[in-house]
Amino acid sequence: MTTTDQTLPSRTRQWLIADRPLGRALAATDFRLEEVPLPQPGEGQVLLRTRYLSFDPSQKGMMENLASYAEPTDIGSVMPGQGIGEVLASRSPKYAPGALLRGPLGWREYAVLDASRLEPVPEGVSPSLALGVLGMTGLTAYIGLLHVGRPKPGDVLVISGAAGAVGSVAGQIGRLGGCRVIGICGGREKCESLVRELGFDAAIDYKSEKLRSRLRELCPGGIDVFFDNVGGAILNDCLARLAPGARVVICGGIARYNADPRKPEQVPPGPQNYFGLVHTNATMQGFLVHHYLEHHATAMQRLTAWVKDGAIRQKEDIVEGFENAPRALLRLFSGTNVGKQLLKV
Ligand code: NAP
């Protein structure tokens, strides 16, 4: 085993799933902190010190076993999550101590993982970028917008959840492609920052403005591409303003993440305005970023070039301290986060 000069830790703190937040809002009491002995890395494994954790609304679905693409969880199991860790000890020829690796670390201060489940943080890329625009967040924005939304120069692109991690990147990609970009998000400050800092053409505060009338003013010819992270009433209002041949991209639906999908009375009714799709020959399509693996390498090359030349900026929101991991996840559901939610351990 190769190690750094530091004394290796023998114990780790970790956050466990204490309850499933199915059919209700996530609560701090859904998590439990414990300290346990740390195993020694076996053959092909590395011992990592977690540096950053990444947060995504789908982690609530993982706690509820509703995320079809994720490994099932149990009450009492370690809270799943992507992160970046530094190798402290290695029994894998792939990685030496000191390497920074990205992967499913879970909410643990130290973790022993198979090297095959990890990948190196690219040279010259900061950990926060590697978990944000140059990670799954950026890939989701790129694939959803360019492969599903297929915008053309001059198109009107509307994005919900626009000040969040995925939405803020999708909007900037749309601007680079010559779209007129309108963001929908909660709060005046978020709206101002989209226009001033990220180059959006306009932004609508769905909490204080009348969405339908603002869409009428800002999109007189209709919406060509709607990139939806929210669902619910926002999706419904946008469906009533589609342009001929519009594409509606269903990326996420955080407005329904507190409902139990097995209880119809909890799930918001389908969008009343779906018939707008008929009159405009529009399409509405969902996607999962993992289903477009063949496009990831090209997407990552282009995103990296855009970030390097300053064409795309990452807004990030960094909470500090491992004990604050539940609080960081809760921020996504109250809309407290601006841009990519991360935690520095
Ligand atoms: P995020 O947008 O950074 O954070 C969530 C944001 O949602 C909050 O900041 C809040 O912003 C908004 N929000 C929360 N509750 C809401 C509600 N009830 N109604 C309206 N808005 C609400 O999160 P993200 O990581 O970028 O993820 C965005 C979406 O993409 C999520 O739905 C996620 O599940 C989805 N996603 C999909 C894929 C895929 O492959 N399809 C991959 C990754 C993520 P406001 O201030 O605007 O309210």
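Please verify whether I234 is within 16 Å of the ligand (Cβ to nearest atom) and out of contact with any Ser or Thr (no Cβ under 9 Å at 6 or more places or on another chain), treating the condition exactly as stated. Here the answer is no, as I234 does not meet what is asked. Residue count for region 238-271, restricted to those that are buried (at least 23 other Cβ atoms within 10 Å of the Cβ) and either more than 12 Å from the ligand (Cβ to nearest atom) or part of a strand (DSSP E or B) (or both): 7. Whenever a residue of region 206-217 is touching a residue at least 12 places away in the same chain (Cβ under 8 Å), its partners that are part of a helix (DSSP H, G or I), lying with C-beta atoms within less than 8 angstrom and at least six residues away or across chains, give the pairs Y206/I234; S208/R188; L211/A233; L211/I234; L211/D237; R212/D237; L215/D237; L215/C238.
Quick one: in region 214-232, which of the residues that are under 24 Å from T137 (Cα atoms) and of a type in the set (G, A, S) is surrounded by the fewest Cβ atoms within 10 Å (Cβ to Cβ)? Top of the filtered list is G232.
Counting only residues that are under 12 Å from G106 (Cα atoms) and either part of a strand (DSSP E or B) or of a type in the set (V, I, T) (or both), region 52-87 holds 8 of them.
Tell me which residues, restricted to region 147-162, are in contact with a Lys or Arg (Cβ under 9 Å, 6 or more places away or on another chain) and away from the ligand (no atom under 11 Å from the Cβ). Correct list: G149, R150, P151, G154, D155, V156, L157, V158. Among the residues of region 163-196, those identified as within 22 Å of H296 (Cα to Cα) and within 11 Å of the ligand (Cβ to nearest atom) are G164, A165, V166, G167, S168, V169, A170.
Answer yes or no: is there a residue in region 87-104 that is open to solvent by 10 Å² or more (accessible area, probe 1.4 Å), charged (D, E, K, R) and in contact with a Lys or Arg (Cβ under 7 Å, 6 or more places away or on another chain). Checked against the condition, which is being open to solvent by 10 Å² or more (accessible area, probe 1.4 Å), charged (D, E, K, R) and in contact with a Lys or Arg (Cβ under 7 Å, 6 or more places away or on another chain), region 87-104 yields no hits at all.
All conditions but one from (1) under 22 Å from R117 (Cα atoms); (2) modelled with pLDDT under 95; (3) hydroxyl-bearing (S, T, Y) apply to T12; the one that does not is (2).
The values are calculated or read from the model by the stated rules, or taken from the named source; none is laboratory data. Computed from a prediction, not measured in an experiment: that's the story for all the values here. Glycine also receives a Cβ, built like all others from the backbone with ideal geometry; neighbour counts cover every protein chain displayed. Side chains are part of the model used for accessible areas, which takes the heavy atoms of the whole protein and leaves out ligands, DNA and RNA. Shrake-Rupley method; radii C 1.70, N 1.55, O 1.52, S 1.80 Å.
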